[in-house]
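The values are calculated or read from the model by the stated rules, or taken from the named source; none is laboratory data. All values derive from a computational prediction rather than experimental measurement. Heads up, the Cβs are rebuilt from the backbone with ideal geometry, glycines too, and the neighbour counts pull from every protein chain shown. For the accessible areas, the whole protein counts, side chains as well, though only heavy atoms, and no ligand, DNA or RNA atoms are used. Shrake-Rupley method; radii C 1.70, N 1.55, O 1.52, S 1.80 Å.
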Amino acid sequence: MFGSEESGNVVWGSMEGSAAHEFPSTIFAYVKGQVRIHRSGKTEGGVGLIRLNRPKALNALCDDLFKDLVHAGQALDSDDDIGCLVLTGSTKAFAAGADISEMKDRTFDHAYKTNMFAWWGQFTKLSKPVIAAVNGFCLGGGCEVAMMCDIVIAGEKARFGQPEINLGVIPGGGGTQRLIRAIGKSKAMYMCLTGDMMGAEDMERAGLVAKIFPPDDLVDEAVKMGTKIASKGRISVMMCKEAINVSQEVSLEEGLRFERRMFHALFATADQKEGMEAFLEKREPNFTHK
Ligand code: CAA
């Protein structure tokens, strides 16, 4: 049984894991250009789906759309029924970047004083894993949002790019910093300096994309992957995400220390006892997220 709410440009929903493969069609039947919230109301193990829904502008990330995205992400992140989030767009566009018409007349003093786009980073503060399911154009701010997610999977025809250089600017939502970590300096320079797009296969080879699927199967596959993640012990999943993300910020020595401390802490959880007991008893674990 699903409840629903709506407002804005993002569609978001959640469903309990066992019916995951029905998720896209069930949820998307409700899409009409607004935010919609669907809750399973059941126990843990659900996947929360957010779909950017501003089709006429190819999901260009205007301020309102991004606010809706952050709001949806935070609500699903704090929902106990949800163990993993999926973010997707349409078949034509994950997102074609920040909204150029909204930005065009902005001035330096406005951009600097408001620290333009700094608040986009709120989306990286979610504690549960987020899978970006990318079909179509994934450009500029769109590619930056995909890189804010924890796993990127793509449809065969997805196109990634940082074309800001064509507009007389540079990436402003993390493109120069996250792309180099994802695909290395030469490819990051190539993409940011030429504005050329790269296809899903190239991005998989380069390391930004984890897996590629036929476009029509992509969201189903993302939900399946999310369901698998949501079936693990919640605390170990959250700590694992935290530890991997810490590696981007600190020295190897600090990162290893942080990882070890997280590992030690997990011995205080019921899920550690259950996981190891289940292995030795040759059965599936029954995690309680405690
Ligand atoms: N901002 C605002 N509107 C956009 C947009 C964007 N980033 N991208 C597409 N649109 C709008 C178009 O203006 C067009 O609107 P109208 O129908 O009202 O004219 C509509 O979406 C459809 O777009 P196109 O007609 O251009 O579609 P296409 O299939 O011919 O081309 C495209 C698709 C190659 C993605 C092309 O739209 C494009 O190049 N978009 C801009 C991509 C871009 O430069 N992104 C970077 C933005 S800056 C940024 O993101 C800064 C940052 O780092 C935070």
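Extending each Cα 7 Å along its Cβ direction at Ser78 and Met276, get the distance between those two points in nm, one decimal.
3.5 nm
Using +1 at the C-beta of Lys and Arg and -1 at the C-beta of Asp and Glu, which of Val246, Tyr190, Phe108 has the Cα lying farthest in the positive direction of the dipole of the chain?
Tyr190
Compute, for Arg257, the solvent-accessible surface of its heavy atoms (probe 1.4 Å) with the complete set of protein chains present, and express it in square angstrom to the nearest 10.
Around 110 Å² of this residue is reachable by solvent.
Write down the accessible area per residue of segment 234-280 in Å², having rolled a 1.4 Å probe over the full set of protein chains.
It amounts to 70 Å² per residue over segment 234-280.
When every alpha-carbon pair in segment 234-280 is counted, what percent end up more than 15 Å apart? Numbers along the way, then the final one.
Details: 507 of 1081 pairs.
In whole percent, the long-distance tail amounts to 47.
Taking every eigenvalue of the Cα gyration tensor of the chain, multiplying by 5 and rooting it, what semi-axes result, largest first, whole Å?
31, 23, 18
Check every DSSP H run in the chain and write down those whose alpha carbon atoms cover 20 angstrom or more along the long axis and whose mean Kyte-Doolittle hydropathy is -0.5 or greater.
Values: long enough: 63-77 (21 Å, -0.20).
Within the chain the helices that satisfy the rule are 63-77.
Just to confirm my numbers, what's the Cα centroid distance between segment 258-277 and segment 91-143 in Å?
With segment 258-277 and segment 91-143 each reduced to a Cα centre, they are spaced 36 Å.
Which links in Lys67/Lys125; Lys128/Lys224; Lys224/Lys273; Lys232/Lys282 stretch past 19 Å when you go from one Cα to the other?
From Lys67/Lys125; Lys128/Lys224; Lys224/Lys273; Lys232/Lys282, over 19 Å: Lys224/Lys273.
Subtracting the Cα-Cα distance from 0.36 nm times the residue separation, let me have the gained length for Gln177 to Ser247 in nm, one decimal.
23.8 nm
Determine the dipole magnitude for segment 234-280: charges of +1 sit on the beta-carbon of Lys and Arg, -1 on that of Asp and Glu, nothing else is charged, the reference point is the Cα centre, and the result goes in debye to the nearest 20.
Numbers: 6 positive and 8 negative charges, 15 e Å.
Charge dipole of segment 234-280: 80 debye, to the nearest 20.
Considering only protein heavy atoms and a probe of 1.4 Å, how much of the accessible area of segment 154-290 is carbon and sulfur, as a whole percent?
Roughly 57 percent of what the probe reaches on segment 154-290 is carbon or sulfur.
Suppose every Lys and Arg Cβ carries +1 and every Asp and Glu Cβ carries -1, with no other charges. What dipole size does the chain come out with about its Cα centre, to the nearest 20 debye? Could you put the intermediate results ahead of the total?
Values: 34 positive and 38 negative charges, 49 e Å.
The calculation lands at about 240 debye.
May I ask you to derive the FRET efficiency for Ser101 and Asn166 from their Cβ-Cβ distance with R0 = 22 Å, giving the value to the nearest 0.05? The partial results should precede the final answer.
Values: r = 16 Å, r/R0 = 0.71.
After rounding to 0.05, the efficiency reads 0.90.
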